[in-house]
Structure formats: structure tokens, C-alpha cells
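All remarks here apply to the structure that follows.
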Amino acid sequence: MRFRGRKKREKLNRLLPVRDQKDPGKGVFTRRALLIMAVQTAALGELGRRLYDLQVNNGDHFAKLADKNRTSKRLLAPPRGLISDRFGTILAANKTNWRALLLSEETTDVEGSVERFSQLVPLDEHDRSRIAREIRHKRKFIPVVLREFLSWDDMARIEINSPSLPGVLIDVGTTRSYPFGELLAHTIGYVAPPNEQDVAKSALFALPGMRIGRAGVEQSQDAMLRGQAGSVEMEVNSVGRVMKELDRQDGTPGDELALTLDVGLQQTIQNRIGDLAASSVVMDCRNGEVLAMCSTPSFDPSLFDSGVSRAQWIEWTSDQRTPLIDKTVSGVYPPGSTFKPAVAMAALNAGVISPSDRFFCPGHFDLGGARFHCWAKHGHGSVDLHLALKYSCDVYFYEVAMKVGMDRLAASAHELGLGTELGIELPHQRLGLIPTPEWRQKHKHHWNGGDTVVSGIGQGFVQVTPLQLATYTSRIATGRKVEPHLVRAINGDIGAQVDPQHWPELGMDDRYLRAVREGMFAVVNESHGTAPKARLAIPGVEMAGKTGSAQVRRVSRALRESGHFNSATLPWEFRPHALFICFAPYDSPRYAVSVVIEHGNAGADVAAPLARDIMTDTLLRDPVNHKSAPGQTVADAE
Amino acid sequence: MDSRMPMRRFRKRLLRAEPNFRTLSKLWQVSWLYILLICTLAGVGYIALYSAGGGSARPFAGPQAARFGFGLILTLTVAMLPPKFLVRLAWPLYLFSLALLVVVLQMGHVGKGAERWVMIGGTQVQPSEYAKVALVLMLATWFSRIPYSKMGNPLRLIIPALMVLVPVGLVLKEPNLGTAVIIGGIGASLFFAAGMRLWQIVLLLLPVPFLLKLAYSHLHDYQRARITTFLHPESDPLGAGYNIIQSKIALGSGGMWGQGYLHGTQGQLNFLPEKQTDFIFTTIAEEWGYAGGALVIGLLLLLILGGMVMAIRSRNRFGRLLALGISVNFFLYCLVNLSMVMGAIPVGGVPLPLVSYGGSALINVMLGFGLLMSVWVHRNSRFGEEGDEESA
């Protein structure tokens, strides 16, 4: 078989270019080599075709993927908007923050660098564990913050020792500063680093150095103050390290806010209040601008940015005077007698009484089996509206409240700004409460006539905030439905709300408003009014007001009848709150003031003089009085 | 006389060697066109490595150029060696290669989960690369001594089969699947070209599917992972499928004319794994587009076919088989590497000859080209003819 095939093959071999009779394997080799060459050509040809498919036919698809690989967009933190008072004094600024960073990839001995750093700038246990954690979790080229808020001394020490601190670098960021600190802590609020929930909401918060408003105007106006993030598009390599910048768009800084506050007035009021647990709101009653809102005691807001110590936190939270709570919007108090003008307005509006209607006050009011006392043990005799307000006669208002009914009373109080939400730009606003039978039913209780009676003197379930009191005073004084607000201008543009005409009329009869104002005038300026101490010392300017002393605990009959009852001898937390509301000048109302002194005992004795002083300060600071144009700084004005 | 005889023999030997004149004339016989092709491809490699080094001769392009210079001298030197001398070298070189393969298993430097490297004189050597050349030489020598007429006898094929299987087994144990397949492929092609009978081939191919199944069950986890991720690369885009996906992205983003030299984003930004070694072709195709990629494939094909033509043109059996083995080796290098970067076969550590960065592969490829040139230079030599064995 072998030999038969051989002859045939040799014949074939003659046809091939290289023939060799002495080399019988040659023909087979050549044919098989040609076959291998064909296979090789086909194989590389197929690869060439496949390459064409990948590169040219599907090129666009892969080019897109490559671009996605290579570019990375990062956001740039915008500078936070500044906050100033009405005269341009800066209340919240951005201050440079020098910090030490550690870039792990620049050193072989990370622990050594941290250790040597801590010998220069002390790091506490909390810092150390945070640094160790961040070094483990962050990529090597992303810096880890060793320490923020370096002093010049710290920086000098670090710079001098930089040869022994490989990977440590000093960087500048910004932090929020509050030049007036405690004075405006509640109103301005503070900022803090965003937490995980914030980061989940917006990628902007993941940026280093980004802060989020956590209280006050910083929180309510956060979106405005935050600004628009810039972005930088960068080419990155496979491990994410930046190679070069492709495109940069600087962010827009946050809006600059000018508040309605007058920081000088705020300071004066603060000084007058001292360390009482008290609050006071001063409003321009024509347009609702809040000139000052004090809540004492206060706290240092800058501590929140750098971290509050445990001891400090305990001190704040255990203080009975609640320094962390903004009493002007989050403190709720029974309004006591300061509620009486609202009751009068409700009754007059409802038409159930006229200003001249008289009621007889025997010193108590009986409803069913219950007896409600007037503060004057022997009664005020026959009183009309004017006298009732002037003497603050409880029985008159028990009667009036019963006549007008709780529903109409509540509606009217809401209209005046009590127990309702106000437009002020502050978070954590509490609504207070004007109770209604419906509300009581919701809580599975029956509404008693007695509940209406005590509501008539602002006791029982009635609760309001100091800001609501000031707003209500303003509305009575002007007859317009002004809303309290804090933002006066955004980026220098003053809003339409400065114009009193911007605010709608209350829709209450002017005669009734005047009757109530007259009553409030009498409280301060007529003999036998309840607040003679509130009389202004400024010639030609008169003030109208209303006192209030709100019990925080029911006075038992036994105690009352013992005749030895004196609230001033009670423990502090059981004494009544002292309240006073007022507006001035009486003939052309400009300012409204509310004062609440927690457990201050008697409104007439404690709150009224304080309100008088505050009003005096406010009137004297009025630019009209000292002829300095708005826009001048407080320092200039003084 | 007695004392003069060795002297005369020595003189005769000296005359026969005639080093200066004959070597010079032999040098003219070298196919300079082929050398030019080699240099062109190496030049493409230099340009690509310059880019892979981020637009710098360091750390890849410069050292590789120096190695190529050395390799070129090696090629030309080996080209001068007559077949008789090469035949004598076959056994020692082959045994040495097996010894190296054993050494690498014993004390190899582990790279990427496989023991492939061994230190010799302070440099890392990959013995499997060298084993391929040694095996080609060994098989060509062995087959040249079997007359074509005796090739039908299966007993004659046992020893050469062992010569293939021993290094294949050792390389598989490293484990380096890609190189083992290449060694097997070289052996098969030489058996085929040497004149193995067709019925033998058919008989041998029958059990292949079972062997493949057996082989798969003995694969390392990382090798299996390569096969699974090759089949579904998107199942693990950041892990085992990463190489294939990024390589495909790089190729695809090149388009027809490429992203421009030094502007290939995938390569320059390190998304490409091993861009200077196994994936150098991707860098070229990304920056120069399909035009550049096709050019490289064309050059490779010319070198392969050129080698095959040299094999056909040789007048002696040894030369033919040697040249064919070298060409097939070169072809398999290219095939495995290109298929790998295009995602057509699972990834394995096979460089692109002449282009990829790396000393072992380059020197061995240049050594192969030296042998090829020697075949070409001595193509008309009647060495190793049929009947040689009978007369010896």
C-alpha cells in the first residue's frame, strides 16, 4: 500500500516547483505546508475581520464606554451666603479654616506620621480612632483630615517639622463664624457637617467642607444660602487619580441675606434681660419686620461646627432655663390676661357685645357648681370694655367668653395670629393652641363650659408663643394682617413686604379695634391701670399695652381661702409667667413688643417695666430719631 | 609523521572553517528583506511601548530596543551556524530546557498565580518560551533522521511524541495553559508536516474530546474563571471579566483611525491591564485604530508566510521541519495573543512576539528567527537526506 501510493505521489511531485527525486517526503511536506499556510492566513484573516467588527462596526458603542471610563465629574463646594442685619453688620461670615491633612500615598509609614503629628498637635482618642478609620476606608490619594482649626502656632510647628511628617499637608477650607455668638444663636442658628441622610438626599453634601444649616435662619434659608455647586470635569485613570482638568464651572455663591434685625437693639435688649429665662420680640408693627428677638439664656453656636463636648451638652440640656430652645418661637405659654384684647375683639366682631356694654363683677363668676374668681378678691363692680381692659377684670371676660363661644373666639384669635402658624423664617416653630370643643373631642374629652370660661382669661389650654403675642399686638395696633419675617433683602434687593400696603386689612371693624386700643392705652396711662410702670418717659410719645400673669399650676381653693397665698414664695418652676404686650407710639403705632419672663410672677411688676425699657430703646434707636440713613452700620449710628 | 598528523588535521579543520570569508559570504545569503520585516515590526513595538510608557522611552521602550539589538545579533550569529552543528546542539538544548522547566516548578517565581519564571544570572527567564524553540530543534533533528518511508510505522513516532508530551506536561503543571497549547500545536504541526499518515491522525483525534473534558477538570480555579468569564465577561465586570471588557473597550474606542498617538485613553489612563506586555496590541489598535491594527496583523502574516516559504524552499528535511516549526510557533504566538485581546479565547499569559515588552519571549523569538535564517542560508545543503540513516 505504501509503495503503490508512492509512485502516484512522485508523479505529483514533478508538478511542484521544487522537485527532488531523492527526497520523497518533500512533496507531502510542501502540500501539507501549503495547507498550514492556508490555515494561518485564514486564521489571521478572521482575526482581522473580527477586529474590524470591534473597531469600526461597534466603534461608537465602545468609544462611549471608554469616555465613561476616563472622565469623572466632581462638584465644587460653593461659598455659603453671608447673613447681615438690616444695617449691613455681618452676623454670619465665612472664615478660613486651616487644617492638617494626611495623604496616605505620600508616605510609607502612615502610623509614624500620625504619631509624630500628635506630638506636635495633640490628638484625643476620638480623633485617633476617626483618623485610623478614615485611613482604612478612603483611597490612598484622598486626604484624611487630621485636625481642623489649626492655630498659627500649630501650623508653625507642623511646617518646621515637615521633613519628619511625610504625607502631612496643610490646607485651607472655610468654616462659618458668628461674630455675635450667643447674642443671635437662636435666630441665626448654626451649621454642622451633613449627616448620612443629608448625603443621601443630595450629592452636594458629600463635598468636603460642605455645611448644612441646623437651626434658625441657617436652616430655614439653607437652600438659598447654600448656593449652586460648581463642577469640575476631570480625566481620571483606572484607580481614580486625577490626571488633568478638562472643564471647570465655578459654582455660584449662596445668596447674601440682609435680615430685618438690628443687632444693636438686640444687644441692648439682651443686656436689659440679663440672665433671666425670658424672651422678647420687637416688631415693626406696620410691616412685620422683626427688629429683635431675644431668648435667654443662649449658647455659643460655633461649638456645633467643631463638635460639642459631652460636658457642655449635659450642661445645656440639664439647665431648667432651656438655653438651647428659642423661646420666641418654640416656647409656649398661657397668655394670661394678655389674651383679653383678643377675647374682646372676638366678641365685638361677633356682635355679642358693644364697647359700652357693662357687666357686674362681684369678684367671682359662677357656672354650674363651679366658682371662678377674679384676681381682685372683692370685684370691680360694673365695668364696660374700657374699664375691663384697664383693670384686667377677669369676670368681665368670663362673661364675654361665654357669650361669644369658643369656636368664634378661636377663629378670631387665629386671625390675630395666636395659636397659628406664622410666616417667620424659622424652623421648629410651635403653633401653640387655642382650644375648641372639636379639638377637645379629638382627644376623647368632653368640652365643659368651664373650659370656655378659663380660656376667656388666657388660661386653661390656651398656649401661645412670644412671637405670636408680638404679631397679635401688631395686628391690633395697625389693623393689618402683618406676618412676622426676618429676611429683609436678598442680594441687596429689598422685598415688597417692607411696604405696609403690602399687607391686607384684618377685616375687623376699625371702631372695635380703636376701642380695644383705648383700653390698652388705659392700662398704661390712666390712673388705676394695671401697668402704670410701663409709662414711657419720652415726652409726646405714649404707649398702649396689656399685662399678663399666667399660672402654670392650679391654685387650690384651700390655698386661696387661707389668705396666705403669695405666688412669689412658690418654688421657681411653679411661679406664674410674667407677660406684657405693648405698642407705641399710641397715636401712630410703629413698634410692637412682647415680653415673656418665665416664672417672673407678675406681669405688671416685672414684665411691664422691662417692656417699657425695650420700647424706649427701640424708639430711641429709630433712625428717624437720630437722623442716620438706613444702610449705615450700627457702629456709625451709635 | 605521527606528530605532524594531528597538526595537519588541525590545519585542515581550520581551513574548512574559513571563518572570515565564508561567514561574510553567508551573511549576504541572509534574507535581508525578512530581517527588514522583523525590524519594522520591532519598530512598531518600540512606538507602542513608548506610548505605553506614557510618552517616554522609559521604562519599556528603551530597554526593549536594547534587547532587540542583542536579539538581532543573536539572530545573525545563529543564521551562520550550519545544520550539522545545529543537529549536534539539539539534544543538549532540549535536555537543558526540560531541566529548566523542572527547576521552575521547584523554585519558580510566582507571578499571577502561576510559576513561570526562574532567575538565571540575575535576570528572570521564562523557560517555557525557550522550551518551544528547543523542542522545534529537537523534533526537526529527530524527524530528519527518520526516512519519509518509515513514517508510517507507529513505533517510530513514540519517542518524538514523548518529546512533545514531557514539556507539555511540565508547562501544564506550572500551570501555563496557553504555552502548553502552543507547544502541543507545534508538536502536532511537525508530526503533520513530517509526513505522518492520515489514518494515524484520524486515530489520534478521536479521543480528543474526552481528553479536553479531563483537562478541564484539572484546570486551576483561575483558569476556569477565565473560561467562564470569557463566555460571560459582563458577569464580573470588575473582577475576572475586567481584562476582556477593558481590552474590548480600548479596541472599540480606536475606531477606523484611532484616538491618536499617545492619546489612547484606555491605555494612557491605565484602564488596560498589562498594556505593555500581553495587551500591547490593544494599545496600538486604540491609538492607531483599525488601520494600525490591520497593519500589524499584515506584518505578522508576512513574517509567518515568509517563514513557511523558506521551509518549502529548503532542500533538506531537517531545514524544512525546523523552519516550519519556527513559523508555526510564531503563528501560534500571534494567534493566541490576538484572539485573547479581542476576547475570542480565554486570557492566558502569551505575549505578542516582537511587540510586547519582555526579554524571554523576545530573545527566544529572535533565536527562532536565527534558526530560520540558518535554514534559509543553508537551504541548498544536502544535509540529512533520506538514506542518511542507512548509510550512517
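The values are calculated or read from the model by the stated rules, or taken from the named source; none is laboratory data. Worth saying up front: this structure is predicted, and the values here are computed from it rather than measured. FYI the Cβ positions are ideal-geometry reconstructions off the backbone, even for glycines, and counts take in every protein chain you see. Surface accessibility is based on the protein's heavy atoms, side chains included, excluding ligands, DNA and RNA. Shrake-Rupley method; radii C 1.70, N 1.55, O 1.52, S 1.80 Å.
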>> Counting heavy atoms of the protein chains only and a 1.4 Å probe, report the per residue accessible area for the range A:73-259 as a whole number of Å².
In response: 50 Å²
> Just the accessible area for residue A:174, please: 1.4 Å probe, Å², rounded to the nearest 10?
Replying inline: 80 Å²
> Packing-wise, with mean Cβ within 10 Å as the measure, how do B:197-207, A:500-510 rank, highest first?
Replying inline: A:500-510, B:197-207
> How many percent of the accessible area of the range A:73-259 is carbon or sulfur, using a 1.4 Å probe?
Replying inline: 51 percent
>> How large is log10 of I(q)/I(0) for the range A:73-259 at q = 0.12, 0.14, 0.19 Å⁻¹ when the intensity is taken from the Debye formula with one equal scatterer per alpha-carbon?
In response: -0.71, -0.93, -1.32
>> Please list, ordered by chain and number, the residues whose modelled amide H lies under 5 Å from the amide H of residue A:506; skip anything fewer than 5 residues away on the same chain.
In response: A:480, A:481
>> Helix-only estimate, please: 222 nm mean residue ellipticity of chain A, summing -39500 (n - 2.57) across DSSP H runs of length 4 or more and dividing by its residues, to the nearest 500.
In response: -11000 deg cm²/dmol
> Counting only protein chains, not ligands or nucleic acids, how are B:77, B:277, A:471 ordered by accessible area (probe 1.4 Å), most first?
Replying inline: B:77, B:277, A:471
> Sorted by packing (mean other beta-carbon atoms within 10 Å per residue), highest first, where do A:113-119, B:335-341, A:542-548, A:310-316 land?
Replying inline: A:542-548, B:335-341, A:113-119, A:310-316
> So how much accessible area does residue A:443 have, in Å² to the nearest 10, using a 1.4 Å probe?
Replying inline: 100 Å²
> Among the helices of chain A (complete DSSP H runs), which have Cα atoms covering no less than 24 Å along the helix axis and a Kyte-Doolittle mean of at least 0.0?
Replying inline: A:25-52
> Looking only at other chains, what is the average number of their beta-carbon atoms within 10 angstrom of each beta-carbon in B:321-329?
Replying inline: 2
> How many Cβ atoms of partner chains, on average, are near each residue of B:251-263 if near means within 10 Å of its Cβ?
Replying inline: 5
>> How shielded is B:187-199 by partner chains, expressed as the average number of their Cβ atoms within 10 Å of its Cβ atoms?
In response: 3
>> Could you compute how much accessible surface residue A:52 exposes when probed at 1.4 Å, giving the result in Å² to the nearest 10?
In response: 90 Å²
> Highest mean first, what order results for A:382-390, B:368-376, A:362-370 on Cβ atoms within 10 Å?
Replying inline: B:368-376, A:382-390, A:362-370
